[in-house]
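Engineer: The following block contains the structure, expressed as structure tokens.
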Amino acid sequence: MSFSVNTNLGALKAYNALVKVNAQTEKAQLRLATQKRINSVADDTSGYSVGKKLEAETMVKKAQLNNISSAKNFLSTAESALLQINDKLNQIKAKQVDASDPLKDSASIAKDIRTLAGEISSILGNTSINGTNLLSSTTAPSFNVSGATLTFDFSTSSLGVASLEAAVGTTNLQSTTDSTVIAFDTATVAGNVSAALGRIGNLSQALDSREEFLTAAIANNTATISSIFDADVAMEQLNATKGQISSQIGTAMVAQMNSAPQQILSLFR
């Protein structure tokens, strides 16, 4: 082994080893501080790319899940209104039966039926949520759920309520004769209401199914993101402790290697 004062290769090698140890220790400490295994793209380029794509996909699914919640509110509001209409139709049927009793006042019964019909028209025209009319509006609310668009157009024949307002509104019942009002056929209107409620039930089932799918997908994505980004705290703590000990030993060795050329001074004694 040759001795050189100008270039202490041993000390340089020890220094390089110390730099490497300190870098590994700092990385472990940073992971402990952030609880993240990947703190920059350089830590894991492919993992970072995949994880960010999954995060974006999860955010979209969460937004779709919120849309499902809003869609359910729309359906629930429409269902409540239609149930009220159904109840009032049953009251009209009962009034019509009362009208066959000669002891009852048919004019008063016709007036009651007109009142009930007016309430049905009012429900159809005023049932709304967040400014959107549900049962008579020409603008149908749409929701993006699970990658598909669901449109809830309660005013069209797809939900069976298209002829409701015309059948029970002011035009047909409010300005006609008492006998016509009492003889009013509620079967078609009741059938439309029943069909609409059935359609709402089907849509609610579809939303429940999509909600279950999205909830599971979000959970799976979150688990995958966690496995990519989250640090193994126990392992990083071991690495940090090992690095601290190695750093102390490396510092001592650099000091010793740096002083090794002093042995040359013994040649000049």
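The values are calculated or read from the model by the stated rules, or taken from the named source; none is laboratory data. Given the structure is predicted, the values throughout are model-derived calculations rather than measurements. Quick reminder, even Gly has a Cβ in these numbers, built from the backbone with ideal geometry, and neighbours come from all protein chains shown. Each accessible area value is taken on the protein alone, full model and side chains, heavy atoms only, with ligands, DNA and RNA left out. Shrake-Rupley method; radii C 1.70, N 1.55, O 1.52, S 1.80 Å.
Engineer: Can you give the angle from 0 to 90° between the axis of helix 233-259 and the longest principal axis of the chain, with both taken from C-alpha atoms, to the nearest 10?
Structural biologist: Between the helix axis and the principal axis of the chain, the angle is about 20 degrees.
Engineer: Still on this structure, please answer the following. Mind giving me the nanometre distance, one decimal, between the label points for K111 and N220, set 7 Å out from Cα along Cα→Cβ?
Structural biologist: So the two model labels end up 6.6 nm from each other.
Engineer: Okay, moving on. Which whole-Hz couplings ³J(HN,Hα) result when phi for each residue of segment 42-55 is put into the Karplus expression 6.51 cos²θ - 1.76 cosθ + 1.60, θ = phi - 60°, listed in order with x for Gly and Pro?
Structural biologist: 5, 5, 6, 4, 5, x, 4, 5, 5, x, 5, 5, 5, 5
Engineer: Which of V189, V145, V50 ends up with the largest GNM mean-square fluctuation for the chain, with Cα atoms connected below 10 Å?
Structural biologist: Maximum fluctuation in the GNM of the chain, among the listed residues, is at V50.
Engineer: Return one number: the angle in degrees, 0 to 90 and rounded to the nearest 10, between the long axis of the Cα atoms of helix 106-126 and the longest principal axis of the Cα atoms of the chain.
Structural biologist: Tilt relative to the chain: about 20 degrees.
Engineer: Another question about this same structure. Considering every pair of different Cα atoms, what Kirkwood radius, in Å, is found for the chain?
Structural biologist: On the way: mean 1/r = 0.0389 Å⁻¹.
That comes to 25.7 Å for the chain.
Engineer: Okay, moving on. What's the magnitude of the charge dipole for segment 1-99 around its Cα centre, counting Lys and Arg as +1 and Asp and Glu as -1 at the beta-carbon? Answer in Debye, nearest 20.
Structural biologist: The dipole magnitude comes to about 160 debye.
Engineer: Count charges around K62 for me, please; just the other residues with Cβ under 13 Å from its Cβ, Lys/Arg as +1, Asp/Glu as -1.
Structural biologist: -2
Engineer: Residue separation times 0.36 nm, minus the C-alpha to C-alpha distance between S122 and D232: what's the value? Before the final figure, lay out the partial values.
Structural biologist: Numbers: separation 110, 0.36 × 110 = 39.60 nm, distance 6.21 nm.
Fully extending the segment from S122 to D232 adds 33.4 nm.
Engineer: Want the number for T149 to Q248: 0.36 nm per residue separation, take away the alpha-carbon distance, what's left? Intermediate values should be presented prior to the final figure.
Structural biologist: Numbers: separation 99, 0.36 × 99 = 35.64 nm, distance 6.24 nm.
Here the answer is 29.4 nm.
Engineer: Here is a follow-up. Return the calculated 222 nm mean residue ellipticity for the chain, to the nearest 500 deg cm²/dmol, obtained by summing -39500 (n - 2.57) across DSSP H runs with n ≥ 4 and dividing by the residue count. Don't skip to the end; give the middle numbers.
Structural biologist: On the way: 7 runs with 181 residues, N = 269.
After summing the helix terms and dividing by the residues of the chain, the value is -24000 deg cm²/dmol.
Engineer: Rounding to the nearest 20 debye, state how big the charge dipole of the chain is about its Cα centre with +1 on each Lys and Arg Cβ and -1 on each Asp and Glu Cβ.
Structural biologist: Computed about the Cα centre, the dipole is about 1620 debye.
Engineer: Something else about it: Towards the positive end of the charge dipole of the chain, with charges on Cβ (+1 Lys, Arg; -1 Asp, Glu), say which of S80, T34, N126 has the farthest Cα.
Structural biologist: T34
Engineer: Would you be so kind as to identify which of Q96, L116, V181 lies farthest towards the positive end of the dipole of the chain, taking Lys and Arg as +1 and Asp and Glu as -1 on Cβ and the Cα centre as origin?
Structural biologist: Among Q96, L116, V181, the one farthest towards the positive end of the dipole of the chain is L116.
Engineer: Non-local amide H neighbours of D230 (under 5 Å, H modeled in plane, Pro and chain starts lacking H): which ones?
Structural biologist: Sorted by chain and number, the residues that satisfy this are R37.
Engineer: Label-point separation (nm) for S266 and A206, each offset 7 Å from Cα along Cα-to-Cβ?
Structural biologist: Label-label distance for S266 and A206, simple model: 9.2 nm.
Engineer: Can you send over the carbon and sulfur percentage of the accessible area for the chain, probe radius 1.4 Å, protein chains only?
Structural biologist: 54
Engineer: Over the chain, what is the mean sequence separation of C-alpha contacts under 8 Å (at least six apart), divided by residue count, expressed as relative contact order in percent?
Structural biologist: It rounds to 37 percent for the chain.
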